[in-house]
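Presented below is the structure to which this report refers.
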Amino acid sequence: MQANFWHDMWATGVVGFHQAEMNAFLTTHWQKLGFRGDETILVPLCGKSLDMLWLAKQGHTILGVELSQKALDEFLTENAITAAPITHTHYCGYQLEQMRLLCGDFFHLSAEDCQDVQGVFDRAALVALPPEMRVQYVAHLRKILPKGTSYLMITMQYDQSRVQGPPFSVPEAEVRQLFAGVESIEKVEEVHFERKSVPGTEMVFVIKT
Ligand SMILES: C[S@@+](CC[C@H](N)C(=O)[O-])C[C@H]1O[C@@H](n2cnc3c(N)ncnc32)[C@H](O)[C@@H]1O
């Protein structure tokens, strides 16, 4: 998707992907990544996700990356958070006590930005991207993240010929192909759902690199 697609969505305020509660897959499966709690977690394409607050509450430091300044501003105001602006070559954004929120294109994120990252929470990020961008997205993650990074990744599968994305259908085989060669990929939950009357499944993966 082009940046304008997302900027327009945030401008209209119609952000159906945003969840008013913490993601249940996150709270159920996070412990499977085996973290102590003080690790730095990357939340790519973070929107104004409340999941970042849950992760921070577990003790983690959060690195969130989001195209829309409006999304990050809403995250701060809706959660009554004050934050200092940051200076960065490629991003504007905010620094909080346990959170760094970068506003700009995910593809500008560098290995230096991510040197402390040990985990990734991907909800509605991979599935937000069309096929060719998904390849670039995972290749970029694998290029910039330290070896040993673990992911909790949520995807979905449905008949793409019957409903358009985003969110796009990203079947298990594609996840395994994108992450070929990593230490392990385990599907830890699969739940049936309907998207616009088309049946599908949501899937949760624990990926260790
Ligand atoms: C489907 S939403 C998911 C947001 C969040 N992960 C959640 O669970 O609510 C995808 C988000 O990615 C952002 N986005 C899209 N392309 C991006 C890019 N190249 N770099 C950074 N953010 C991007 C959009 O603005 C949007 O907020």
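The values are calculated or read from the model by the stated rules, or taken from the named source; none is laboratory data. Remember, it's a predicted structure, so these values are computed and weren't measured experimentally. Because the Cβ atoms are built from the backbone with ideal geometry, glycine has one as well, and the counts that use them run over all protein chains shown. Just so you know, the surface numbers come from the protein's heavy atoms only, side chains and all, with ligands and any DNA or RNA stripped out. Shrake-Rupley method; radii C 1.70, N 1.55, O 1.52, S 1.80 Å.
Structure summary
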| read-out | value |
| --- | --- |
| The range 132-168-the range 68-126 distance, computed between alpha-carbon centres (Å) | 19 |
| Accessible area in square angstrom per residue, the chain, 1.4 angstrom probe | 48 |
| Cα-projected label distance for GLU194 with GLU132, points at 7 Å along beta-carbon direction, nm | 3.5 |
| Semi-axes of the equivalent ellipsoid for the chain, Cα gyration tensor, largest first, Å | 24, 21, 17 |
| Stretchable slack from THR27 to ASP105, in nm (0.36 nm times residue separation minus alpha-carbon distance) | 25.3 nm |
| Label-point gap, in nm, between THR201 and VAL163 - each point 7 angstrom along Cα→Cβ | 1.6 |
| Three-way shape call for the range 1-65 based on the alpha-carbon gyration tensor, with the a/c threshold at 1.5 | prolate |
| Cross-link table LYS70/LYS196; LYS147/LYS187; LYS143/LYS208, entries beyond 25 Å C-alpha to C-alpha | LYS70/LYS196 |
| Inter-probe distance in nm under a simple model that places probes 7 Å from Cα toward Cβ, at GLU183 and ALA139 | 2.6 |
| Relative contact order [Cα under 8 Å, 6+ residues apart], the chain, whole percent | 17 |
